[in-house]
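**Student:** Supplied in structure tokens, the structure appears directly below.
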Amino acid sequence: MGEIRDIEKSTLRNLPSTATGPELSLQVIISAAASSMREMESDAPGASMEVYDSSDSSGFPFAVNPQEAWLPITESRNGNTVTSVFHLLSSGIGIQSLLLPVAFSTLGWAWGIICLSLAFIWQLYTIWVLVQLHESVPGSGTRYSRYLQLAIAAFGPKLGKLLAIFPVMYLSGGSCVMLIIRGAGTMELFFKVICGGEATCEEKSLGGAGWFLVFTCMAIALAQRPNLNSIAGFSLIGAVTAIAYCTLIWALPISKGRPGGVSYDSLQGKSDMSGICDILNAVGMIVLAFRGHNLVLEIQGTLPSSSKRPSKMIMWRGVTLSYIIIALCFFPIAIAGFWAYGNKIASTEGMLAAFFLFHGHNTSKFAKGFICLLLVINCLSSFQIYAMPVFDNLEFRYTCMKNKRCSRLVRAGFRIFFGGLAFLIAVAFPFLPSLAGLIGGISLPLTLAYPCFMWISIKKHQQKANGFMWCLNLGLGCLGMVLSVLLVVAAIWNLATKGLHANFFHPR
């Protein structure tokens, strides 16, 4: 009974004195849980009870938040290296990778390969930082299984929320909206390929909003799994389809040869300002091709951990394997795609559009339809993992108010509500992909800068012992913030010079 009082006091003492919202709810939950445990202990005088972290197989008693066992991200901690690889591949390889050859058309061979290599190393380092910070206080049992939790622990409640809420919201909910737009568009393209381009295709087609609705209904129907660990099968399908379409999209053009008039001269704007902005936009395409940092801590939160074998060992093994595969996907797409189309790809929207434009006439209907089908399946699978933090946040609010686990009906209601909201946003703003550079630039610090500053803040007591790491993280963090500002300025300049076709409520 003394242990329970100690847990309650120590946990409440660690919360800020001005706790509000989630912090106050956490206090209420811990107090209620501790009270119920004392009542159970009093009912069974001969029994002894301790609070254990179910994820720690060593049996070391940790102070844990009982609410963690109710939420989708941390409800199950039975993951392993294989499931983490599935999740990382499904979240890490996306349709953004098909823009890499477009970036090469501006940067050229040498600078394109250099920028892609540097971006790969940089973002892999920040993933390593996040993996290390997941359990940054050894022996305490504290696990930061959500990006926002780590940001609050590093920067404080006010600054942490101010810096992290919008990027996390965009990279989770916003990515789902993007997947609806891209997935529905590819479904329509698949229909046209199967239909054979006949005149009756347009009459039979559902239209933009109709395809959006079909994709959203399919995504939400699949989104009824209870927790992040339970969607490992969907992540496996997403990983396999991503690798498949990434391979086919560069292998087929090579096998069919280059179209005539291909040039590899760097394309830049005529004026100095235009040229600089073109270079920055190309760098942005490369940097934004690497995604999924907002899910690294969540994926690690599904893994078991103990004092002898912390979760970072399992997670880093999964990161290493998955990013070897990601490198084998991204570098061939960029290099082979630029080789096949050269500067001709600059006038398209990426490898998929270039392939259909230059090689669609001599490619079988089966091959084109198969690539489209792979992309649709991948978008549906990626939707599941990117929506999970949103589901987790909705259920967190519910459990704070009700102090109990969500029922299946409530959980299904939250998923349907989010699907309807995402569908409404996709229909209202179908031009959001045109703003990807601007919003992505705003969210870029979450990937390249914030992890470095988090390391400095959390490890500040080890500054003297880790002088090199402190300087490295400070330099990379500042460079990431500067790059973010430059990408936002370049995106605004691009929109100002080329314009934006804002077709509100008219998806096409």
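The values are calculated or read from the model by the stated rules, or taken from the named source; none is laboratory data. Note that this is a predicted model, so its numbers are computed, not measured. Cβ sites come from the backbone with ideal geometry, for glycine too, and all protein chains shown count toward neighbours. Just the protein is used for accessible areas: all its heavy atoms, side chains included, with ligands, DNA and RNA removed. Shrake-Rupley method; radii C 1.70, N 1.55, O 1.52, S 1.80 Å.
**Student:** How would you order 179-186, 355-362 from highest to lowest mean count of nearby Cβ atoms within 10 Å? It would help to have the intermediate numbers written out before the result.
**Tutor:** Numbers: 179-186: 25.2, 355-362: 16.2.
So the order, starting with the most tightly packed, is 179-186, 355-362.
**Student:** Identify all lysines with a Cα-Cα distance to residue 368 below 30 Å; exclude those on the same chain that are fewer than 8 residues away in sequence.
**Tutor:** Output for residue 368: 192, 204, 256, 344.
**Student:** May I ask you to rank 115, 246, 478 by accessible area, largest first, using a 1.4 Å probe over the protein chains only?
**Tutor:** Values: 115 30, 246 0, 478 65 Å².
Correct descending sequence by accessible area is 478, 115, 246.
**Student:** Is the stretch 218-290 best put as rounded, prolate or oblate by its Cα gyration tensor, with a ≥ b ≥ c the root eigenvalues, rounded for a/c under 1.5, and otherwise prolate when a/b is larger than b/c, oblate when not? Mind dumping the intermediate values first?
**Tutor:** Values: a/c = 4.14, a/b = 1.74, b/c = 2.37.
In terms of gyration-tensor shape, oblate.
**Student:** Only four residue types carry charge here, +1 at the Cβ of Lys and Arg and -1 at the Cβ of Asp and Glu. Report the dipole size of the stretch 402-508 about the Cα centre in Debye, rounded to the nearest 20. Can you show the working numbers first?
**Tutor:** Details: 11 positive and 0 negative charges, 149 e Å.
My answer is approximately 720 debye.
**Student:** Which residue, 323, 279, 343, has the largest displacement toward the positive end of the dipole of the stretch 252-405 when charges sit on each Cβ (Lys, Arg +1; Asp, Glu -1)?
**Tutor:** Result: 323, furthest along the dipole toward the positive end.
**Student:** Taking the mean number of other Cβ atoms within 10 Å as a proxy for protection, how do you rank 256-262, 228-234, 143-149 from highest to lowest? Mind dumping the intermediate values first?
**Tutor:** Values: 256-262: 12.0, 228-234: 21.4, 143-149: 23.4.
Going from most to least packed, we get 143-149, 228-234, 256-262.
**Student:** Separate question: What is the magnitude of the charge dipole of the stretch 217-324 about its Cα centre, with +1 placed on the Cβ of each Lys and Arg, -1 on the Cβ of each Asp and Glu, and no other charges, expressed in debye to the nearest 20?
**Tutor:** Numbers: 9 positive and 4 negative charges, 107 e Å.
Rounded to the nearest 20 debye, it is 520 debye.
**Student:** Here's a follow-up. Compute the Cα gyration tensor for the stretch 156-292, then decide on rounded, prolate or oblate, letting a ≥ b ≥ c be the square roots of its eigenvalues: rounded whenever a/c is under 1.5, prolate when a/b is larger than b/c in the other cases, and oblate in all that remain.
**Tutor:** Numbers: a/c = 1.72, a/b = 1.04, b/c = 1.65.
Oblate, since a/c reaches 1.5 and b/c is not below a/b.
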